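The values are calculated or read from the model by the stated rules, or taken from the named source; none is laboratory data. Since this is a predicted model, take the numbers as computed values, not measurements. Glycine gets a Cβ as well: all are built from the backbone with ideal geometry, and neighbour counts include every protein chain shown.
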């Protein structure tokens, strides 16, 4: 842990590795949140049908950034913003068709289900809240599910959870590095607020020399995950336009 944080380094403005850590720019952080560069569970996503289809890539050679953990992050963001996420359906299969391809029967089915979902939603001319109409229009057989591995995959319909169920066994979703460090599942904190080092936060006993290294590495403090991120805020609007002034 100490070795990692001493040597982790960062990127320069050209995306090249450097020995120094990268420090988040407050103005850039606020712009990212305000303009929706960081996906927020509210706004437009609060009231639209979402099918989170994923060709599982956590186990591909050399790794991949499109890991399954992000599906759970998205659901958590919806729950945080709206108190519900029943407009969000997760479906996952193995990577035989790549990350996403319409050659996949499962991807084809997801597209057909989305078409049916939207068609039913458009046909609902009631005055009910939009989210209620969205949930009511969802096809009955469109539920959280995964498909087994093997030559003849079968559908396993069950709520998708990170560490429980048959789907979690087939397609595990290990926590992201920030989650391992104590961050929220939502993974929406780009730069954390800091707090003083507390040795009780660590599961191991540190020697005097290790404590000195820890204090030197994190001179300004360590992440306080109980607080919102630096400059973290809600988007100012949806479908923003960026034009010369």
Listed residues 127, 110, 120; which is assigned to a helix (DSSP H, G or I) and either over 24 Å from the mean Cα position of the chain (by Cα) or not assigned by TED's automatic domain parsing to the domain that holds residue 59 (or both)?
-> 120
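Return a yes/no flag: does segment 62-82 have any residue that is under 15 Å from the mean Cα position of the chain (by Cα), over 20 Å from residue 171 (Cβ atoms), surrounded by fewer than 17 Cβ atoms within 10 Å (Cβ to Cβ) and outside the structural domain of residue 202 (by TED's automatic domain parsing).
Here is the first cut: in segment 62-82, the residues under 15 Å from the mean Cα position of the chain (by Cα) are 64-81.
Remaining after also requiring over 20 Å from residue 171 (Cβ atoms): 77-81.
Next cut, surrounded by fewer than 17 Cβ atoms within 10 Å (Cβ to Cβ) only: 79-80.
The next check asks that each one be outside the structural domain of residue 202 (by TED's automatic domain parsing); those that pass are 79-80.
Within segment 62-82, one or more residues are under 15 Å from the mean Cα position of the chain (by Cα), over 20 Å from residue 171 (Cβ atoms), surrounded by fewer than 17 Cβ atoms within 10 Å (Cβ to Cβ) and outside the structural domain of residue 202 (by TED's automatic domain parsing).
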Please identify the pairs in which a residue from segment 109-131 that is under 21 Å from residue 53 (Cβ atoms) has its Cβ atom under 8 Å from the Cβ atom of a residue that is modelled with pLDDT under 95 and exposed (fewer than 15 other Cβ atoms within 10 Å of the Cβ), counting only partners at least 6 apart or on another chain.
-> 111/102
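Which residue out of 205, 187 is assigned to a loop (DSSP other than H, G, I, E, B) and farther than 23 Å from residue 69 by Cβ? Walk me through how you get there before you give the answer.
Details: 187 fails: farther than 23 Å from residue 69 by Cβ.
The conditions single out 205.
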Restricting segment 132-143 to residues that are touching a helix residue (DSSP H, G or I) at 6+ places or on another chain (Cβ under 8 Å) and touching a residue at least 40 places away in the same chain (Cβ under 8 Å), the one farthest from residue 47 (Cα to Cα) turns out to be 142
Being closer than 24 Å to residue 237 by Cα, crowded, with 16+ Cβ neighbours inside 10 Å and touching a strand residue (DSSP E or B) at 6+ places or on another chain (Cβ under 9 Å), is that true of even one residue in segment 118-135?
-> no
